Structure formats: structure tokens, C-alpha cells
């Protein structure tokens, strides 16, 4: 009888331990299965001292129209030794460099479709401050440079779709 009671208690304990470890494995799996391998608050963490350069693409880019591509920085103007936009269209093989002059932290490149006809463009921006500080944008969540790719769309089709979606 004692053996039977001891066996019953041992099985209860082993069942409890099994359930506990199974729950622990499931919780750990759900925490670390998200994009980036880390839970939500940490998945977009980039180990950069301080972001000093910003770019927010404006709405859609329409075919046949000029567009401004803006970059903003809080680096003092007198510290910037070079500000360069690297740009290419879908028909270009390599990036072209365009030096930009800033005005109170705003750097602007005007894309002209007559000079660079394209269906899509790719670009990124870099500034050099002093002799050894470089900043670039856009960056991904790992802090790596990832050029922005923008497609040109037909404005008539865009507004037709927008009107039908609003109704």
C-alpha cells in the first residue's frame, strides 16, 4: 500500500513538473518568436548613440512631376563638411552623387523627371561632420543603411482609387 501511495504521489509531482516546463517553453517561444528575435519594446532598438539625421517621405510620388526629397539634421551647419545624396533610377546601374547645400538643417534635392525619367527611384543621404563623424539615412532596425525605393504612380488612377475607397 505504501508503495502504491508513493507511486501515486511521484506521478502527480512528475505531471506537475512536466506541465510547468511545457508552459515555460511555450511562453519563451511566444516571447522570442516575434520579428527581430526580441519582444516588442526591444525589436526596433538600434544601438546608435543618437540619431542626428531624419527623412520622412511625403505621400505618393506622381509620374511626370517634380518632387522634393528632404532631409533634416540637428548637426550644426558649421560642423558639416559634406552633405551628399546618392540617387539612382530604375534604369541606372550605379548611384550618382549629388552634393547638397543646407539651410538651417534642411537639405533638399529636387527630382526632375525630364532630367531623370524613371518608373522608380532609389536614394539615401549621408553627411560628414568633422573628419570622422558620418551620419546616413534611412536605416533599418539593425542600424544598417537601406536605400529608400519609391515608385512613381499615375495621379489619375491614384485619385480614382482614393475616391472609390472613400465612398
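Odds and ends about this structure:
- In terms of the mean number of neighbouring beta-carbon atoms within 10 Å, the peptides 116-127, 72-83, 152-163 order highest first as 116-127, 72-83, 152-163.
- Whether segment 72-127 is rounded, prolate or oblate, judged on the alpha carbon gyration tensor where a/c under 1.5 counts as rounded: prolate
- Gyration tensor over the Cα atoms of segment 53-166: the corresponding equivalent ellipsoid has semi-axes (square roots of 5 times the eigenvalues, largest first) of 29, 15, 14 Å.
- Bridge type composition, segment 53-166 - antiparallel percent by DSSP, nearest 5: 95
- Using a Förster distance of 30 Å, the FRET efficiency for residue 144-residue 78 (Cβ separation, nearest 0.05): 0.55
Quick note: the coordinates plus some simple rules give every number you see, no bench work behind them. Note that the structure is predicted; figures quoted are calculated from it, not measured. Every residue, glycine among them, receives a Cβ derived from its backbone with ideal geometry; neighbour counts consider all protein chains shown.
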